[in-house]
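Beneath this line is the structure, given in structure tokens, with notes to follow.
Values in this text are rule-based calculations from the coordinates and carry no lab data. All figures in this text were calculated on a predicted structure; none of them were measured in a lab. Cβ placement follows ideal geometry from the backbone for every residue including glycine, while neighbour counts extend to all protein chains displayed.
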Amino acid sequence: METINIIDAPKHVNERVRIGVWLTDKRSSGKIAFLQLRDGTAFFQGILLKNKVSEEIFEMARHDLRQESSFWVTGEIHEDARSKFGYEIQIDDIELIGDSEDYPIGNKEHGVDFLLDHRHLWLRSSKPQAMMKVRDRVIRATYEFFGQQGFTKIDPPILTGNAPEGTTDLFHTEYFDQDAYLSQSGQLYEEAGAMALNKVYSFGPVFRAEKSKTRRHLIEFWMIEPEMAFMHQEESLEVQEQYVAYLVSSVLKDCRHELEVLGRDPESLVPFTKLPYPRISYDEAVEMLKKADFDIEWGVDFGSPEETYLADQFDQPVFILNYPKSIKPFYMKGHPTRDDVYVCADLLAPEGYGEIIGGSERETDYEVLRQAILDAGLDESAYEWYLDLRKYGTVPHSGFGLGLERFLTWITKTDHVRETIPFPRLLNRLYP
Ligand code: 4AD
Ligand code: MG
């Protein structure tokens, strides 16, 4: 007899198999018991008929098995046209593995904080499971895409002395007798990588001690950061849109069921696989906002209402190009004909999900970059190594960062970014 996973039940119809499961729910009458089972690969139903199993097993199923008890079931797989999964198991034996206390999560409305406190258990529910499957698929699609395009994955350090994205939200720590920070972005290291290997990318956790409590911000999130040598911004935008379309297509191909569990109609994602995505300048964006009566001045960063309005004017993700220097980091390349903007772009997701990519061409000139570091109030000595990249064979190069959780929030049509990561780090939340 074979031990299988629930997901493989369709291949074992009318065979007797064994499956390790947890109980999600049950109901019974005097003659029949229905057990709702899960094993992490799928959910399905087990049936016990009183006259087909021992008295002892039938009574155990009815009385002793509780929500989230773990046990082995043995029985025959049958088709079950009435159920969503399409198959069930007619159980003839049960071997209890782990009893379960009164399980705190039930079929009722639990508050947000309660579910966050019980995140380690909440992960067993169908929505978080579907989310983790989509997340896994997006990570694999990332490796596929950049692997196929000739990129090499370069892992940047997590402990660093550098602050590429500004000094306000740094996580400070001690590195023996030196000051150190948790990485905000691997970008500066990816730039060094691009000078060594031409096209590189990283995928790893980054940290921002942002004191803001919004639906879009995590303290710890995962970023994909490609960096490409001998490449200008226009070409980088093409890589960005191709990458996003590839991610959407991969999820559409392999995660339709998960998307439906999460409340996203898969068909609604199809337009986002069509390229190119529209491009407008920051200047144009400000004009559009002014016409729509937003109280906005040139030079100010967009907040969530502004981003949502702009995104709503398009039915695809939209690139906003050339932001003012005052609101972007020091490493960006200055515009060739204007001294007030950078050669950069953010990609805004449709439907009000905000910025999913930030990227730019990078400054290549040693002196200009050195001055930008000083103007940003950074300690030059910590960036000597970074300036070296402009001293020894500097080349045009561009890169970008996609926030994995922001992307997932959008494609799964989820209200809050915290639902896209297994154990979210939020303001004032370190456990579980
Ligand atoms: O725009 P950001 O700050 O850009 C960088 O860090 C660059 N160094 C990237 C690069 O060019 N290599 O962050 C990039 C993306 C944002 O577009 C957003 O998707 C996500 O990271 N992001 C966050 N996601 C969740 N929580 C936060 N607090 C985030 N901050 C940024
Ligand atoms: Mg940004």
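Points to keep in mind about this one:
- Computed label-point distance, nm, for sites Val300 and Gln242 using a 7 Å Cα→Cβ extension: 3.9 nm
- The label point for Lys391 and the one for Asp375, both projected 7 Å from the Cα toward the Cβ, are 2.2 nm apart.
- Test item: Cα-centred dipole of the range 236-286, Lys/Arg +1 and Asp/Glu -1 on Cβ, debye: 120 debye
- Selected from Val239, Val112, Val251 as most flexible by GNM, with the chain as the system and alpha-carbon contacts under 10 Å: Val112
- Summing Cβ point charges (Lys, Arg +1; Asp, Glu -1) relative to the Cα centre of the range 29-88 gives a dipole of roughly 220 debye.
- For the chain, a crude dipole built from +1 on the beta carbon of Lys and Arg and -1 on the beta carbon of Asp and Glu, taken about the Cα centre, is about 1240 debye to the nearest 20.
- Ranked by the mean number of other Cβ atoms within 10 Å of their residues, highest first, the peptides 138-144, 26-32, 171-177 fall in the order 138-144, 26-32, 171-177.
- Positive end of the dipole of the chain (Cβ unit charges, origin at the Cα centre): among Gly166, Thr214, Gly111, the Cα lying farthest that way belongs to Gly111.
- Estimated vicinal HN-Hα couplings, Hz - the range 170-186 in sequence order (Karplus 6.51, -1.76, 1.60; Gly, Pro = x): 6, 8, 7, 8, 9, 10, 6, 9, 10, 7, 9, 10, 6, 4, 8, 5, x
- Burial order of peptide ranges 195-202, 402-409 (average beta-carbon count within 10 Å, highest first): 402-409, 195-202
- Helical mean residue ellipticity (222 nm; -39500 (n - 2.57) per DSSP H run of 4+; nearest 500) of the chain: -8500 deg cm²/dmol
- Among Trp298, Trp222, Trp22, residue whose mean-square fluctuation peaks in a GNM of the chain (springs only between Cα atoms under 10 Å): Trp298
- The modelled label-to-label distance for the pair Val13/Ser125, using points 7 Å beyond Cα in the direction of Cβ, is 3.4 nm.
- A full extension of the chain between Leu49 and Phe423 corresponds to an added length of 130.6 nm, given 0.36 nm per residue minus the alpha carbon distance.
- Estimated FRET transfer efficiency when R0 is 35 angstrom, pair Asp293-Arg256 (beta carbons, to 0.05): 0.30
- Separation between Cα centres of the range 391-408 and the range 145-203, rounded to whole Å: 10 Å
- Of Lys11/Lys253; Lys84/Lys108; Lys26/Lys108, those spanning more than 19 Å from alpha-carbon to alpha-carbon: Lys11/Lys253; Lys84/Lys108
- Long hydrophobic helices in the chain: the complete DSSP H runs spanning 18 Å or more by Cα along their own axis with mean Kyte-Doolittle hydropathy of at least -0.5 are 233-254.
- The distance separating the Cα centre of the range 218-273 from that of the range 48-103 comes to 41 Å.
- Projecting the Cα positions of Ile19, Gly30, Ile97 onto the charge dipole of the range 2-98 (unit charges on Cβ atoms of Lys, Arg, Asp and Glu, taken about the Cα centre) puts Gly30 furthest along the positive direction.
- Positive-end residue of Gln149, Ile373, Ser183, charge dipole of the chain with Cβ unit charges: Gln149
- For the residues Lys50, Lys274, Lys133, a GNM of the chain with alpha-carbon springs under 10 Å puts the largest fluctuation on Lys50.
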